Amino acid sequence: MRRRILFICGSMNQTTQMHQISGHLPEYEHTFSPYYCDGPVEILRRRGLIEYTIAGNKLAGRCRSYLQSHGLPIDFQAKTGPYDLVLTGSDLFLPKNIRASTIVLVQEGMTDPESIMFHLVKRLRFLPLWLAVGTSTTGLSDAYRAFCVASEGYRDLFIGKGVRPEKIVVTGIPNFDDCQRYRRNDFPYRHYVLACTSALREIFRRENRKAFIRRAVQIADGRPLIFKLHPNEDVPRATREIHRHAQGALVFPTGSAEEMIANCDVLVTRVSSTALVGLALGKETYSDFDMDELRRLTPVQNASAAFNIANVCRRLLEGGSL
């Protein structure tokens, strides 16, 4: 009987990452699932009370649509388990029915800044990691055998958070390991300033959107200005705000942010993994993060992250070491 692997994902970035990794593990049986919970947290999920997390129903719906459109087998909530190995893009939600499996955690992208809630959750270990809101507590569960990360810089960052060094493997991460490929696109615009928004308000964090828009206008200084909205944004609200404070700017609620970055001259962000793409492509980039720190964190451009992660999984399944 073939060994079984469950891929758990939520955001579109995570879902496409897991799809790529699965392509390098053809000898195993694959099944996919959107994030799910158990116990009282599952009740919260069903009632839509944790929509600001990776386990929210909105993200789960998008994930399921992608999986169905690509003909990928779905086992929501791992009901046909157990599985020999579980790959997940987040350890903030680890239901009991997968904890006996070998777990491989894959970094999704940029991690959120450490807030007061991060330090509270880290100190009071009985609190669930997802209470910190966002991705700042990624890796702190210690429930996985391996944690595949984007770069040596991120390895150092996660060690600083408290992740055990012996579990971290620098593999690169799919979607960020070959940013040059985004230059091959059919997006019709060139030589503009691109502003990529962040869904801070959707996770109950303060944001002065008016100031962000005006900053983008100032940086553009008369050059064409395009806004790419975060997938989780309130699109009508965000569009109204942009038209009010950046008249003449184009707004794209959908489309490939990476391809838009490849065609721009300048990238303006706040808290967004798109800054990593901009830096990898050598773009003039603005972010709320320290730019020297972001350069140190930039994912390795090895064009082989999915292959490398698959090999980590294969070694663990065959009884090898990291």
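Overview of results
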| quantity | calculated |
| --- | --- |
| Considering residues of segment 141-194 that are in a loop (DSSP other than H, G, I, E, B) and among the aromatic types (Phe, Trp, Tyr) only, the residue surrounded by the most Cβ atoms within 10 Å (Cβ to Cβ) | PHE176 |
| In segment 87-131, residue most open to solvent (accessible area, probe 1.4 Å) [restricted to those that are in a helix (DSSP H, G or I) and touching a residue at least 24 places away in the same chain (Cβ under 8 Å)] | LYS96 |
| Whichever residue in segment 217-248 is touching a His at 6+ places or on another chain (Cβ under 9 Å) and more than 24 Å from THR53 (Cα to Cα) and, among such residues, is surrounded by the most Cβ atoms within 10 Å (Cβ to Cβ) | VAL217 |
| Selected residue [of a type outside the set (Val, Ile, Thr), at positive phi and not in a loop (DSSP other than H, G, I, E, B)] from GLN17, GLN77 | GLN77 |
| Boolean, HIS70 is under 15 Å from ILE103 (Cα atoms), in contact (Cβ under 8 Å) with a residue 40 or more places away in the chain, touching a helix residue (DSSP H, G or I) at 6+ places or on another chain (Cβ under 8 Å) and open to solvent by 30 Å² or more (accessible area, probe 1.4 Å) | no |
| Long-range neighbours under 9 Å by Cβ, at least six apart or interchain, first residue free of Cβ contacts under 8 Å to residues at least 60 places away in the same chain within segment 157-171, second surrounded by fewer than 18 Cβ atoms within 10 Å (Cβ to Cβ) and of a type in the set (A, V, I, L, M, F, W, C) | PRO165/ILE159; ILE168/ILE159; ILE168/LEU322 |
| Which numbered condition GLY48 fails, given (1) closer than 14 Å to THR15 by Cα; (2) open to solvent by less than 50 Å² (accessible area, probe 1.4 Å) | (1) |
| So THR31, is it among the polar types (S, T, N, Q) and in a loop (DSSP other than H, G, I, E, B) | no |
| Scope segment 46-77; condition over 17 Å from the mean Cα position of the chain (by Cα) and under 20 Å from SER141 (Cα atoms); matching residues | ILE50, GLN77 |
| Every pair of residues 6+ apart whose Cβ atoms lie under 6 Å, when the first sits in segment 293-320 and is open to solvent by less than 20 Å² (accessible area, probe 1.4 Å) while the second is assigned to a helix (DSSP H, G or I) and among the β-branched types (Val, Ile, Thr) | ALA306/ILE21; ILE309/ILE21; ALA310/ILE21 |
| Given (1) touching a strand residue (DSSP E or B) at 6+ places or on another chain (Cβ under 9 Å); (2) touching a residue at least 12 places away in the same chain (Cβ under 8 Å); (3) open to solvent by 20 Å² or more (accessible area, probe 1.4 Å), index of the condition MET1 fails | (2) |
| Boolean, CYS196 is closer than 27 Å to ALA246 by Cα, touching a helix residue (DSSP H, G or I) at 6+ places or on another chain (Cβ under 6 Å) and touching a residue at least 40 places away in the same chain (Cβ under 8 Å) | yes |
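So that you can scan it fast, the table gives a plain yes or no per residue for (1) modelled with pLDDT of 95 or more; (2) not aromatic (Phe, Trp, Tyr):
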residue: VAL235; (1), (2): no, yes
residue: PHE252; (1), (2): yes, no
residue: GLU259; (1), (2): yes, yes
residue: VAL271; (1), (2): no, yes
residue: ALA280; (1), (2): yes, yes
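The values are calculated or read from the model by the stated rules, or taken from the named source; none is laboratory data. Treat the numbers as computed from the prediction; the structure is a model and nothing was measured. As a convention, Cβ positions derive from the backbone with ideal geometry for all residues, glycine included, and neighbour counts pool all protein chains shown. SASA here: full protein model, heavy atoms, side chains in, ligands and nucleic acids out. Shrake-Rupley method; radii C 1.70, N 1.55, O 1.52, S 1.80 Å.
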